[in-house]
Amino acid sequence: MFGHLDTTKRNISKEIEDLDNQNDNSKLKGSARLKRMDLDSQLKVINNKIDSLLRQKARSYWLKYGDSNTKFSIILLSHGEDLGTKSKE
């Protein structure tokens with residue numbers, strides 16, 4: 001699925017680049033402007049899907065392999081340290 005999203009993102013980016021190059025010296029007008037807005041919207045959706053997928057992969061990796069700081073966190077907690085409100089002195 002990630003490969004599909006990556007390919008789609010590249011294609012949309014290429015279309016945006018092509019539109020921008022065609023209208024270098026003047027502002028986008030009419031249907032070209034609408035097309036550019038639609039492509040921007042599609043790109044945002046694809047980027048959100050990729051971000052979500054990467055967060056899911058990271059969460060899965062963490063659940064599978066754990067956290068390398070677990071021992072450190074357990075030691076602090078066993079000595080009464082509050083990990084969330086550590087003050088800077």
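The values are calculated or read from the model by the stated rules, or taken from the named source; none is laboratory data. From a predicted model like this one, the values you see are computed outputs, not experimental measurements. Please note: Cβ atoms are built from the backbone with ideal geometry, for glycine as well, and neighbour counts cover all protein chains shown.
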Contact list, first residue from the range 32-44 and among the charged types (D, E, K, R), second anywhere and surrounded by 11 or more Cβ atoms within 10 Å (Cβ to Cβ) and outside any helix (DSSP H, G or I), beta-carbon distance below 6 Å, six or more apart or interchain, is Arg36/Leu28
Only one residue in Ser31, Ser73, Ser52 is at pLDDT 90 or above, in a helix (DSSP H, G or I) and not aromatic (Phe, Trp, Tyr), so which one is that? Ser52
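Can you find even one residue in the range 80-88 that is part of a helix (DSSP H, G or I), more than 24 Å from the chain's Cα centre (by Cα), surrounded by fewer than 10 Cβ atoms within 10 Å (Cβ to Cβ) and modelled with pLDDT under 85?
Residues of the range 80-88 that are part of a helix (DSSP H, G or I), as a first pass: none.
Checked the range 80-88: no residue is part of a helix (DSSP H, G or I), more than 24 Å from the chain's Cα centre (by Cα), surrounded by fewer than 10 Cβ atoms within 10 Å (Cβ to Cβ) and modelled with pLDDT under 85.
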